[in-house]
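Report on one structure; see the data block that follows.
The values are calculated or read from the model by the stated rules, or taken from the named source; none is laboratory data. On a predicted model such as this, the values are computed, not experimentally measured, just so you know. Cβ placement follows ideal geometry from the backbone for every residue including glycine, while neighbour counts extend to all protein chains displayed. Surface accessibility is based on the protein's heavy atoms, side chains included, excluding ligands, DNA and RNA. Shrake-Rupley method; radii C 1.70, N 1.55, O 1.52, S 1.80 Å.
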Amino acid sequence: MLNQNLHTDALVEMWNRYIDWPARRKGENGFLENTLRQNNCKTIFNAALGDGCDTIHLLKNGFDVTNNEIDLLFMRKALENAALKNVSLNITQYDWCSDLSRHFGEGKFDAVLCVGNSLTYIFRKKDRMKTLEGFYKILRPGGILLIDERNYQYILDNRNEILRGNFRYSGKYVYCGKTVKHIPIKITNRLVRMKYEDMQTGKTAFLDLLPFKEGQMKAEIQKASFCDIKQFSDYKEGFDKNADFFQYVARKPHFEEMQ
């Protein structure tokens, strides 16, 4: 599924500073743990572990987290980071399209977390729908999906200016580091190629990303049978076309609502 984006050593090594863990938490202002608590979520499936930033934070705040990461380099980095923070990680390595309910059973988790713009790696709609439907199955009735996306519509609408080097990004949300620069270097309606430059080491890395159109992700979440979909813009409820990132909280209906 992610063969074109299996990560390089250079990218994995710069990722911690690209995020800036304390700055991500500051930008969220408690959004992640508050949303989970408000929805009575204790057992969490983190679909994209990455370097462990969000999982370690949730473990430190008393949540029960099962993680998934198919990239070995990121998994090893997450284990290193967890050891430094004195926590243990429960990690699986399942392809999201493999029907997660076969591995976990249905209704296993209170929440599924898919953040850091992770769904952007899945270019085919049928694979995204299979992924979202898999997330739906492993949630208990009333459980929530918490998922996010970069503001790609801004990138698509301003492609010429951005390709000239004028990329607007506040650096306050999700990816907040000051020593790793990122900028789109190729923009089409079907692909955004992002370049990452580590200013400390001089190394570069690249990712190919699917540019979601405005309203596209919300529509696909709804098509996967989720309900009560709330959209946030840089962690504030509602739609702001100038946001860096959008977040969605979507609920799996209770049994009586499925009738």
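Note on segment 83-129: residues that are farther than 14 Å from residue 68 by Cα, of a type in the set (D, E, K, R) and surrounded by fewer than 20 Cβ atoms within 10 Å (Cβ to Cβ) amount to 8. Looking at the structure I just gave you, is residue 69 charged (D, E, K, R) and surrounded by fewer than 17 Cβ atoms within 10 Å (Cβ to Cβ)? In short, no.
Could you identify the single residue in 187, 138 that is touching a strand residue (DSSP E or B) at 6+ places or on another chain (Cβ under 6 Å) and among the β-branched types (Val, Ile, Thr)?
Being touching a strand residue (DSSP E or B) at 6+ places or on another chain (Cβ under 6 Å) and among the β-branched types (Val, Ile, Thr) holds for just one of 187, 138, which is 138.
Looking at the structure I just gave you, is residue 126 in contact (Cβ under 8 Å) with a residue 60 or more places away in the chain, among the charged types (D, E, K, R) and more than 26 Å from residue 235 (Cα to Cα)? Spelling it out, it is not the case that residue 126 is in contact (Cβ under 8 Å) with a residue 60 or more places away in the chain, among the charged types (D, E, K, R) and more than 26 Å from residue 235 (Cα to Cα). Cβ-Cβ contacts under 6 Å between residues 6 or more apart (or on different chains), taken from a first residue in segment 24-53 that is open to solvent by 10 Å² or more (accessible area, probe 1.4 Å) to a second residue that is part of a loop (DSSP other than H, G, I, E, B) and of a type in the set (S, T, N, Q), are listed as 33/61. The residues of segment 165-214 that are open to solvent by less than 10 Å² (accessible area, probe 1.4 Å) and either of a type in the set (Lys, Arg) or closer than 18 Å to residue 241 by Cα (or both), listed by number, are 174, 211, 212.
Just to be sure, is residue 227 under 24 Å from residue 53 (Cα atoms), at pLDDT 95 or above and either open to solvent by less than 10 Å² (accessible area, probe 1.4 Å) or touching a Pro at 6+ places or on another chain (Cβ under 8 Å) (or both)? Judged against the criteria, residue 227 is not a match.
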